[in-house]
Amino acid sequence: MATLPNIWHLRRVADTAAKACLICHKPSSSVLITPNNKDYFYVCPVHLKDRHFCSPIIDEAEEEAKKKAELMAKEIEKVKKEYEEKQQRKKEKDKEKKDKDKDDKDKDKDNDKDGSGKKPDDGKDQMERDDKIDAIKKQNTSTSDDSPRIFALHKNFYQMRIDRMRNMEAAKRNRQRLQNPLFFPSVPSGGL
């Protein structure tokens, strides 16, 4: 028998495939499974927070990567704000310059009736892109679950799982022995 590692990965199944929790027997769609797929059981998410049932195994490299990603996101937001402020200042200056030029042209030409020579507003396009980016970020943050994904069972529950695996293997060996005709004693042969 290969030893059963005390590392359990949390997986989610569809609500229609929910089965009874190992602890409370209520339907649950959360499954704890070993990395080698030897053993699994259903458990409620509430029990995963119970410190007497299991404890999370925190991957330090993953935590560092999350922190770096958060810092990068903050830095990106800061740069975006600075860029938007510069663009706004530039637009204000351009607008003031256009107004000034327009006043000068109006003074020179009183008969100019066509004042619709406006450029399409690039600010709207920028705002739409920013809105789309924000929506995507919100979706990513709402779909990502910050709860731990890897757990270690406490010794009593871990021993229960090992005992269950041993009993299953013993039952399998017994079934195989019962199917073998050499397992049973033979009828005595010999004359009286």
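We did not get these values from a lab; they are worked out from the coordinates using the rules stated. Because the structure is predicted, anything quoted here is derived from the model rather than measured. All Cβ positions, even for glycine, are placed from backbone atoms using ideal geometry, and neighbour counts span all protein chains on display.
Computed values, structure above
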| read-out | value |
| --- | --- |
| Kirkwood hydrodynamic radius (C-alpha pairs) into Stokes-Einstein, the stretch 32-104, 25 °C and 0.890 mPa s, D in µm²/s | 136 µm²/s |
| Simple spin-label estimate for ASN37 and ASN180 in nanometres, 7 Å along Cα-Cβ | 2.9 nm |
| Added length on full extension, which subtracts the Cα-Cα distance from 0.36 nm per residue, MET127 to ASN167 | 8.0 nm |
| Between the stretch 18-41 and the stretch 173-192, the alpha-carbon center distance in angstrom | 40 Å |
| Cβ-Cβ FRET estimate between GLU60 and LYS97, R0 fixed at 45 Å, reported to 0.05 | 0.20 |
